[in-house]
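Notes for the one structure printed next.
What follows is calculated from the coordinates using simple rules that are stated; it is not laboratory data. Because the structure is a prediction, the values reported are computed rather than measured. For neighbour counting, all protein chains shown are included, and Cβ atoms are generated from backbone atoms with ideal geometry for every residue, glycine included.
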Amino acid sequence: MFKFIELLKPVVRITVFTVGVGAVTACTAIYRNHGYVPSEAELAEVKVGVDTRDSVIEAVGAPSSSGVLEESGYYYVASRIRHYGPKRPQVVSRELVAISFDQRGVVRNIERFGLEDGIVVPLERRVTSSSVEDKTFLRQLLGNIGNFNPAGFGNSPQ
């Protein structure tokens, strides 16, 4: 019996060590980067009042998004999101570069915004709720018993 216990000691140590390392690495923060924002050097190549929409795309690349209207600007957005264990992902930093144009398509202004300049707006999916959610098939069928109108069937006057 004592030999068996002596043989289990290294196995128990290895198991405890593995579980400890697993617990420590499971709580390590994971960062994900989304989007692209041009650097200061790239933005320095864009001249206000000189460059056009096409020359901006050549200098700094295609925008992450653009405005709905044709005269609106280009928007470059980059976000850094931290995932930490079972917690909800958290936006750590967000940077936005907005390049606006005038009616001729020439650069009017270049602005840079950070997360500290605004608030995080969570995007939500809006779904219209239905009254069928909590009702079983049999309950729906029996609920229609009093709603039958025989005048709706057969020949209707035209």
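Taking all Cα pairs closer than 8 Å and separated by 6 or more residues, the relative contact order of the range 33-120 comes to 29 percent.
Sequentially through the range 8-16, phi angles give Karplus couplings (6.51, -1.76, 1.60; θ = phi - 60°) of 7, 4, x, 5, 5, 4, 5, 5, 5 Hz, Gly and Pro residues having no value and appearing as x.
Only Lys, Arg, Asp and Glu carry charge here, each on its Cβ (+1 for the first two, -1 for the last two); on that basis the range 33-120 has a dipole of about 560 debye about its Cα centre. A straight chain from Arg80 to Leu7 at 0.36 nm per residue would run longer than the Cα-Cα distance by 21.4 nm.
Projecting the Cα atoms of His34, Pro86, Leu96 onto the charge dipole of the range 33-120 (Cβ charges, centred on the Cα centre) puts Pro86 farthest toward the positive pole. Between Ala59 and Ala23, what is the label-to-label distance in nm when each label sits 7 Å out along the Cα-to-Cβ direction? Distance between label points: 5.6 nm.
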